[in-house]
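The structure under discussion is supplied below as structure tokens; questions concerning it will follow.
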Amino acid sequence: MIQKSVGKDKVLFLGNYHLTIAIAAIWYLLAPPMAGSRGVNTTAPLSNWANEGTYNTQNDCQAAKNNFAAMLSRASSTQSQTLNILTIEQSQCVASDDYRLEGGQTGAAQVSGQQPSSFLGH
């Protein structure tokens, strides 16, 4: 048996037969770290971003991001709330197979359980 990767799929070759196994990605809602008391650092490597949630699809992740933004925009307008809104607006939905999460250089700490940032009130 020979195994090769073709994009996101794993292909197993068994003699003259092959079996393609699609590997489904999960999606992380990653929020950028704070940059002082007035902003967020969107240029930081993903290893410094906080995992705010895990979702089955990109659409679910984006819907959660939109829901968080709507919830925060209805809250009272304080400096910390404004910063939380900025954080969620700059957050990204990132697939678990995104190359930026490989090799321990990016995303590993957040995806494996680092505490989320404050915009969800955790």
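Laboratory data are not the source of any read-out in this text; all were calculated from the coordinates shown. This one's a predicted model, so the numbers in the text were calculated from it and none came from an experiment. Every residue, glycine among them, receives a Cβ derived from its backbone with ideal geometry; neighbour counts consider all protein chains shown.
Per-residue HN-Hα couplings for the stretch 35-41, Karplus 6.51 cos²θ - 1.76 cosθ + 1.60 at θ = phi - 60°, whole Hz, x for Gly and Pro?
10, x, 9, 10, x, 10, 9
Applying the Karplus parametrisation 6.51 cos²θ - 1.76 cosθ + 1.60 with θ = phi - 60° to the phi angles of the stretch 51-66, what ³J(HN,Hα) value in whole Hz is obtained for each residue in order, glycine and proline being reported as x?
My calculation for the stretch 51-66 gives 7, 8, x, 10, 9, 6, 9, 5, 4, 4, 5, 5, 5, 5, 4, 5 Hz in order.
For Gln58 paired with Ala35, estimate the spin-label separation in nm (one decimal), with each label point 7 Å from Cα along the Cα-to-Cβ line.
Spacing of the two 7 Å Cα→Cβ label points: 2.6 nm.
In a shell of Cβ-Cβ distance under 12 Å around Lys65, excluding Lys65 itself, what net charge do Lys and Arg (+1) and Asp and Glu (-1) give?
-3
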